[in-house]
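Here the structure is laid out as structure tokens; the discussion comes afterwards.
Quick note: the coordinates plus some simple rules give every number you see, no bench work behind them. Predicted model only: the values in this text are computed from it and were never measured. Every residue, glycine as well, gets a Cβ built from its backbone with ideal geometry; the counts of neighbours run over all protein chains shown.
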Amino acid sequence: MKVLLINGSPHPNGCTYTALREAAGALESEGIETEIFRIGNKPIRGCIACGGCGSTGVCVFNDEAVEAAEKIAAADGLIVGSPVYYAGANGSLLALLDRVFYFAGSRFAGKPAAAVVSARRAGTTSALDQINKYFGISRMPVVSSQYWNMVHGSTPDEVRRDAEGLQIMRTLGRNMAWLIKSIEAGKKAGILPPEPEPRHEWTNFIR
């Protein structure tokens, strides 16, 4: 069993990584393999609504988004981490998630997921809400902790002094491990995920 953790920060070993690493350590202590996938600091294209993925099943831009989609599909769980910019997630991360969940979101149904954010002070809850919406629309169970999944600090050292924040990350990791194992046990017992209904025709509020 494996969880993919996406580091949506341009800094490879910054505050967001510190939070993700704490969650990863808790997962690993429960026997769950982890991988931290960093989006890096290169520009990431946003969706251009070309519709190309509708015929091929994959984004026309063969970049980090395609790689991330394959990694998520192969994993048993997902944690997406981001720094907070202007009370929202990193724009590069959102560009990647927009495309990944548009062309591959149906492949992630049933995979437990969680958002993690890092901030100096505020804007955390709105950033969490922003990321969690990707999971909700893709039928992914959202994993909770003992508080909202956030850490505070301007540097990794400051984050490491956020004792409550680190405990939240560890609790998140253990809760995700428990849910992944429970899902696996359910499958072995013959309890299968619910079959989705055929999609209803989109409601158009313009009459």
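Under 5 Å from the amide H of ILE36 lie the amide H atoms of LEU5, each residue being 5 or more positions distant or on a separate chain, with H modelled from the backbone and absent for Pro and chain starts. Pairs of Cα atoms under 8 Å, at least six residues apart: use those to get the relative contact order of the range 53-207, whole percent. RCO, the range 53-207: 19 percent.
Could you tell me what percent of the DSSP beta bridges with both partners in the chain are antiparallel, to the nearest 5? Bridges in the chain that DSSP calls antiparallel: roughly 10 percent.
Tell me what the chain gives for mean residue ellipticity at 222 nm when only DSSP H runs of n ≥ 4 count, each as -39,500 (n - 2.57), the sum divided by the residue total, rounded to 500 deg cm²/dmol. Mind dumping the intermediate values first?
Values: 7 runs with 89 residues, N = 207.
Theoretical 222 nm ellipticity from helices: -13500 deg cm²/dmol.
In order along the range 130-147, the Karplus-derived 3J(HN,Hα) couplings, from 6.51 cos²θ - 1.76 cosθ + 1.60 at θ = phi - 60°, round to 4, 6, 4, 5, 5, 6, x, 7, 10, 6, 9, x, 8, 8, 9, 10, 9, 6 Hz, and Gly and Pro are given as x. Residues whose amide H lies under 5 Å from that of CYS47, counting only those 5 or more places away or on a different chain, are ARG99; hydrogens are built 1.01 Å from N in the peptide plane. Take every Cα pair under 8 Å whose residues are at least 6 apart in sequence, average their separation, divide by the length of the range 33-99, and the relative contact order is 43 percent.
Taking only the alpha carbons of the range 32-78, we obtain Rg and Dmax values of 12.5, 38 Å in that order. Scoring 135-147, 91-103 by mean Cβ neighbours within 10 Å over their residues and listing the highest first yields 91-103, 135-147.
The modelled label-to-label distance for the pair ARG207/GLU30, using points 7 Å beyond Cα in the direction of Cβ, is 4.8 nm. Rg/Rh for the range 2-188 stands at 0.96; both radii use Cα atoms, and Rh follows the Kirkwood definition.
Put simply, when 6-16, 34-44, 62-72 are sorted by average Cβ atoms within 10 angstrom per residue, most first, you get 6-16, 62-72, 34-44.
Residues whose amide H comes within less than 5 Å of that of VAL60, counting only those at least five positions distant or on another chain, are CYS53 (H built at 1.01 Å from N in the peptide plane). Short-range pairs are left out: with C-alpha atoms under 8 Å and at least six residues apart, the relative contact order of the range 59-137 is 39 percent. Cα centroids of the range 140-157 and the range 49-110: 21 Å apart.
A crude spin-label estimate for the pair ASP98 and TYR86, with each label 7 Å from Cα along the Cβ direction, gives 1.3 nm. Magnitude of the charge dipole for the chain, about its Cα centre and with charges confined to Cβ atoms of Lys, Arg (+1) and Asp, Glu (-1), is about 180 debye.
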